[in-house]
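A.B. asks: Shown below is the structure under consideration.
Nothing in this text is a laboratory measurement; each read-out follows from the coordinates by a stated rule. In this text the structure is predicted, and so the values were computed from the model without any measurement. Cβ sites come from the backbone with ideal geometry, for glycine too, and all protein chains shown count toward neighbours.
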Amino acid sequence: MAARGPGSRAGNSRFAQFKLVLLGESAVGKSSLVLRFVKDQFDDYRESTIGAAFLTQTISLDDSTTVKFEIWDTAGQERYKSLAPMYYRNANCAVVVYDITQASSLDKAKAWVKELQRQANENIIIALAGNKLDLVTEQPDKRAIPAADAEAYAREAGLLFFETSAKTSENVKELFTAIAKKLPLDQAGPRNPRSGPRAGVDLRPEAPGTQGAGACSC
Amino acid sequence: MGSSPTASRSSSNNCIRQPNASGQASQADDHGNTTMTVGEDQMSAEEVEAPQEGMGAVKATVEDRDDDGYRPPLPPRPNLSKTPERPTTPGGLNTSHRRPSLLSKPTTAVSSIDIQTLSFPDGSRGTFSTPASRSVSESAALDTPGSMTPKGKHSQNGSEGDDTTSLMSYAPTMKGTGDLASLLNDDINAQSPAWRLLSSKADTVNPFEAIDYENTSLLNFENEFNEIAPVDSKGGNEEELLTQFKAKYKHYLCLSSAGKPIYSRHGDQNLINGYIGIIQTLISFYEGSKDPLHGFTAGGTRFVIFIAGPLYFVAISRLGESDAQLRSQLEALYMQILSTLTLPTLTHLFSNRPNTDLRRPLEGTETLLSSLADTFTKGSPSALLSALECLKLRKSQRYVINNTLLKARTEKLLYGLIVAGGRLVSVVRPKRHSLHPSDLQLIFNMLFEAGGVKAGGGENWIPLCLPGFNNRGYLYMYVSFLSAYDDGQDGEERPSTPGSSAREDEIAVLLISAEKESFYELKQMRDDVVSQLEKNGSMDIIKAAVRQGRPSTADIVPGTQLRHFLYKSRANVQYTMPSFNPYFNGLLPQRRLMNLYNNLHAQIHAKHSHLKVLHSVSRDSVSLAWSTPLFEFYCVAGPNASRASIAHGANKVIQWVKREEERVFIIGGAVF
Ligand SMILES: Nc1nc2c(ncn2[C@@H]2O[C@H](COP(=O)(O)OP(=O)(O)O)[C@@H](O)[C@H]2O)c(=O)[nH]1
Ligand SMILES: [Mg+2]
C-alpha cells in the first residue's frame, strides 16, 4: 500500500496484517468480543454500536511471527445491511457471532456465512463464534443451541468454531489466534516498524487474486 | 440573506457562517413607545409550587417601536414540519433588516457611562414612562411564564406566546418618566428595615442557597433518571412501577398516527400501552377537525404535542418549560429519527404500511433518543438557546488549527470539525455549505452524551442523515477520540477505561463526507491532522484549554455578584457561559438554574412580549434577561444582590464578551 514504506526484515521476524470483519445479529456480543480482544475489558451495559467501529490489535503467534488485525466491528441492525459489503469486501477473515441463548441468532449467523461465501473474498477464513458461554455455565437450561449442532454446521460449512464468553474471556484469545494461524502467513510481508496504525488497507476492491497479507508492498 | 443560498433549506441566521451584514441595517435609534412598569410584588403562596418561583416580581418592559416588524427571533431550528405558529422560518429573518451592521460594529462599546443608562449596543436607549393606565388587575393571573396554567388559545390559534406578557405590570412604585438607569437605582428596592437588616447580613447568599422547605417542586428530581424495571406480568409489580412512572418530571413519547408505540423515555411497552392509546385517541380526534391539539394542562403537568407527518410526539413536563421550548425538544427528537432513517425512508415506510412498527428500523438508536431527552430534562443551555458553545482559544491559535485542517483536507471532505467535550474547537466547510446547529446538536449528542460510539474504543464510521443539511440522504462521519489527559502520541493508544473520563475531557476529530467509501482517506487525513497539530503545538493548546475548563463568573468579573450567565451571540448562533462550578454543581442545582433560564427565555421570547430587559426577583435568586438585536443575555445572582450590582455585573460581562469575542466565538470558521 502507498502508506507503507520499504520495510526491513528485523532478524527472522515475520509481520502480517489482516483485515477482519465481525458480523451477526445485534446484541449477540460482537462489540464485546472485540473489546475483550483489543482492550481486555468488558462492559455489562454497553450501548449498541452506531455505524461501524474500526480497531486494531496485534498478537504474537510465536517468537518470530506477529499478526496485526484490522478489525471492523459492524452494527447488526437491518438498516445497515446495505453497508455490510463495504466491510467484508476485502476482508481476509470474518467472525460470525451468534448468542447461544438465542435460537434465532444462529439462523442469522448462517445467513451471514452464506453471504460471505457468495460475495466476499474467495479465500476468506470464517470463524463461527457462539457467544455468552458464561450464561449457560451458570444456568444450563438457558442454552438454546447445543454446541454439537453448531459444531456440525461449522464443520459442514468449513468454518472454525468456538463457544466464547466476552464476559469471562473464555476462548476469546483462542478464537483470534486460531484465525491468525489459519491465515496464509507465508505471504506475510516484512515487518515495517514505521507502519504502525497508519497502514491502511484500501476499502476498494482489490485486483482479483490478491489476498493474504493485506496486499503488502512486498 | 445567508451566504449560502444553495446550501440547504434554510440558510438563514441559524447557521455557522460569516456574519453577513446583508441587510443594511437601519441603525436602531428607536426611542418610542417604550414602557416600563416597575413594582414590588411579594411572591404569593400559590406560586411556591410552580417552578417559576416568583418570577418577575419586578419587570421592566421595553416595547419596540414598530410593532409589526420586530419580534424576538424564535429558536432557530429547521422547520421541517407543520408548525403553523411559525410561518416564517426562522423568526429572525424578519428582523434581519433591522440588525445593525454586524461586521462593522462588532465591538460597540458599553462604556462606564453607558452603564449608568444601560443603553443597548444597537444604540437605542429609549425613554421610559410608566403609563398609569395599566392596572394591577390586568396582570393578576398572568405571571405564568412556564405555561403551567391552561391556555385555551394554544389549541385555538396555536399562538405559543402569551399575548399578555408584555402587559404585565405591577403596582407602580415609580412615577413619571425615567430610563433604565432606574434599574440601577436601589431606592426602588425599598424594603422594610428588617428585610434590609437581613439582606445586609447575608449579602452574599447564593442563588438557591437558602433551602426552601416549602418548595417541593424538585424533591424527587434526583431519581428522574433511574430506570423503571420492566413489567413482570406474574410478579404483579405494575402498581409500583406506575408510581415510579408518575413520579417522573418529564416524559417523552413518540407514536405513529396509527397508534403504534415508537419510543418512550420511561417504562416498557406494557406500562405505557394504555397511555399511548389515550393519547392517540385524543390527538386523532383533534386532527380530524381543522383544529389540531397543541397542548393541554392537567394539574401541574403540561402536555405538548408535535405532529410530524405520520409521527406524533408528546412531551409531558412538570418542569415548567414553555410550550415553545417543549416543542423544540420534540422537534429535536424528530430530527434524531430522521437522522437515522432519512425523510424519504420514513415517508415510504408509512405510505406502504400505515401500521408500520417503527421500533425495528430504529433499533439501536433508542439510546440516542434517550440521551437527547435526558439532556433536555437535565437542562441544556445549548438546547435552550439553539446555539453552540466554542472552546475558548486565542484567535491566532484557532487560525493555526483551522489551517492545519485545511492543509490536510482531502478531496472527499465535506465538513471537518474538532470538538472538545461538546465545545467546538474548529470547523472547516465548503464555502457553499453551512452547518446547522440542530445537526451539530445531534452529532454532539451521539458522541458526547450517548455512550455507544465512545465505548467502542476505536475509530468510527457512521452513516447518518443531517436533516438540516439534507434530510433526504446519508452522509458518512469519521470519528476518533483523543483524551485531554492523555499525552500519548496516538488516539488509538489512549487508555480507555469506559466512563472514567467525563465527556468534557474528550476531544473528537470529526470528518464528514458524502462518500461512503472514503473511510481510509479520511482516516489518513485525521492522522495527518493529529500529527500536525501535535507538531505545531496546537494539540497541547487544545488539551490545556480543555483541562482548564470554563472560567468562573468571578474570574471574568472579579468581585461580581453574578453567579452564572448565558450570553448568546445571535449573529454567530453561539453562546458562551462560565463554569457551573462552584454554585451550580450537580443535577439539582443545575436544573434549578436552568428552570430560571427557561423562564427568562420564555418571557423574552413570548410572541408579543417585545420584552428587552427583564429583571426578576424571587425568594432565592435575582436574575436578569437582556435581549438586543446582537445578543441574548441571561444572568443570575443571589437573592440579596442589588439591582445595581446585577446591572453592573451584566455590563461587565458584556464588555468581557466584546473584548473576547474572537476567542469565545468562532467567527465565520474556515472555508474552502
Ligand atoms: N453474559 C454475557 N453477556 C454478554 C457477553 N457478550 C456480550 N454480552 C452482553 O450482551 C449485550 C450486547 O453486547 P454487544 O457487544 O453490544 O453486542 P453487539 O450488538 O453484537 O455488538 C451487552 O449488554 C453485553 O454486555 C457474554 O459473553 N456474556
Ligand atoms: Mg456492537
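A.B. asks: Calculate the length of the line joining the C-alpha centroid of region B:523-558 to that of region B:613-672, in whole Å.
C.D. replies: Between the Cα centre of region B:523-558 and that of region B:613-672, the gap is 25 Å.
A.B. asks: How big is the gap, in Å, between the Cα center of region B:341-386 and the Cα center of region A:97-116?
C.D. replies: 28 Å
A.B. asks: On a straight-distance basis, which lysines could pair with residue A:142 in a cross-link, Cα separation under 18 angstrom, same-chain partners fewer than 8 positions away excluded?
C.D. replies: Here the lysines satisfying the reach criterion relative to residue A:142 are A:132, A:167.
A.B. asks: Let me ask something else about it. Once the Cβ-Cβ distance between residue A:107 and residue B:237 is put in as r, and R0 is 30 Å, what FRET efficiency do you end up with, to the nearest 0.05?
C.D. replies: With a Förster radius of 30 Å, E is 0.35.
A.B. asks: Now a separate question. Please compute the average number of Cβ atoms from other chains found within 10 Å of each residue's Cβ in peptide A:86-94.
C.D. replies: The mean count of partner-chain Cβ atoms within 10 Å per residue comes to 1.
A.B. asks: Follow-up. Residue by residue through region A:105-118, which ³J(HN,Hα) values in whole Hz follow from phi under the Karplus form 6.51 cos²θ - 1.76 cosθ + 1.60 (θ = phi - 60°), with glycine and proline marked x?
C.D. replies: 5, 6, 4, 4, 4, 4, 5, 5, 4, 4, 4, 5, 5, 7
A.B. asks: Next question. Can you classify region B:387-549 as rounded, prolate or oblate using the Cα gyration tensor, where a ≥ b ≥ c are the square roots of its eigenvalues, rounded means a/c under 1.5, and otherwise it's prolate if a/b beats b/c and oblate if not?
C.D. replies: rounded
A.B. asks: Are any of the pairs B:523/B:658; A:39/B:248; B:407/B:454 more than 29 Å apart by Cα-Cα distance, and if so, which?
C.D. replies: From the list (B:523/B:658; A:39/B:248; B:407/B:454), the Cα-Cα distance tops 29 Å for B:523/B:658; A:39/B:248.
A.B. asks: Rounded to the nearest 0.05, what FRET efficiency do residue A:118 and residue B:504 have when you use their Cβ-Cβ distance and R0 = 51 Å?
C.D. replies: With a Förster radius of 51 Å, E is 0.60.
A.B. asks: What spacing in nm lies between the two simple spin-label points modelled at residue B:516 and residue B:658, each 7 Å away from Cα in the Cβ direction?
C.D. replies: So the two model labels end up 5.3 nm from each other.
A.B. asks: Straight distance only, please: which lysines reach the Cα of residue A:181 with their own Cα at less than 18 Å, same-chain residues fewer than 8 apart left out?
C.D. replies: Filter leaves A:19, A:68, A:173.
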